[in-house]
1. Of the residues 127, 120, which is buried (at least 18 other Cβ atoms within 10 Å of the Cβ) and modelled with pLDDT under 55?
2. Among the residues of the stretch 167-200 satisfying the criterion of being within 29 Å of residue 75 (Cα to Cα) and surrounded by fewer than 13 Cβ atoms within 10 Å (Cβ to Cβ), which is modelled with the lowest pLDDT?
3. Can you find even one residue in the stretch 88-105 that is over 17 Å from residue 139 (Cα atoms), within 21 Å of the chain's Cα centre (by Cα), surrounded by 16 or more Cβ atoms within 10 Å (Cβ to Cβ) and modelled with pLDDT under 90?
4. Only residues that are part of a loop (DSSP other than H, G, I, E, B), modelled with pLDDT under 95 and farther than 19 Å from residue 53 by Cα: list them for the stretch 130-148, please.
5. Kindly indicate which of 58, 49 is surrounded by 12 or more Cβ atoms within 10 Å (Cβ to Cβ), modelled with pLDDT of 95 or more and not in a helix (DSSP H, G or I).
């Protein structure tokens, strides 16, 4: 083998060695950057907002809704045959990226006083509901995760989203001598379970739930954004 061939072989081997080291460095840097990004994402917190809207054909005392819901309200008014919408509750919670969320509470009725209801009593789907007949509610998300959709856009995914309520419905009245009739209530469950994804900061309609024979509906609207 000539000196030229020996030199060329050694030079080729050196180039391969350099390329191998460079490739390993690039892979190591890429892996390190990915790990840093993953750690950064894992430390991210999200603020979530669950809006409970009541859709009804009855008159409502306060129909003013948050400006953030304007795009959603245009969608709802075009799709659903209700005259009025009222904000029943806004639930704001903070959750870690990749974490879970569970909230249970005992609240007042999800509808306001209806025309003709006795003083201090709230009508809920053909029945009178007082403070002694509250609703029992639960909101949960099994996993909240910042991810990317098929187009590469960042989205917030909520796996195992669930909302449930046990609502008192008047089924009969008990009549006693020398006393006014007292309503009898049964607690009826209603709820929704699904998986959803949304653009960060953009509220989306999760679903609707009918409330008793009155024809009113609970509308669930969800929004989430990273904390600042």
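The values are calculated or read from the model by the stated rules, or taken from the named source; none is laboratory data. Bear in mind that the values here come from a model prediction, so they are computed numbers and not experimental data. Don't worry about glycine lacking a Cβ; one is built from the backbone with ideal geometry, like all the others, and counts go over all protein chains shown.
1. Numbers: 120 fails: buried (at least 18 other Cβ atoms within 10 Å of the Cβ).
One residue alone meets the criteria, 127.
2. Looking at the filtered set, the residue picked out is 189.
3. Taking every residue of the stretch 88-105 in turn, none turns out to be over 17 Å from residue 139 (Cα atoms), within 21 Å of the chain's Cα centre (by Cα), surrounded by 16 or more Cβ atoms within 10 Å (Cβ to Cβ) and modelled with pLDDT under 90.
4. Within the stretch 130-148, the subset part of a loop (DSSP other than H, G, I, E, B) is 130-134, 142.
Within this subset, residues satisfying the condition of being modelled with pLDDT under 95 are 130-134.
Of everything in the stretch 130-148, those that are part of a loop (DSSP other than H, G, I, E, B), modelled with pLDDT under 95 and farther than 19 Å from residue 53 by Cα turn out to be 130, 131, 132, 133.
5. Values: 58 fails: modelled with pLDDT of 95 or more.
It is 49.
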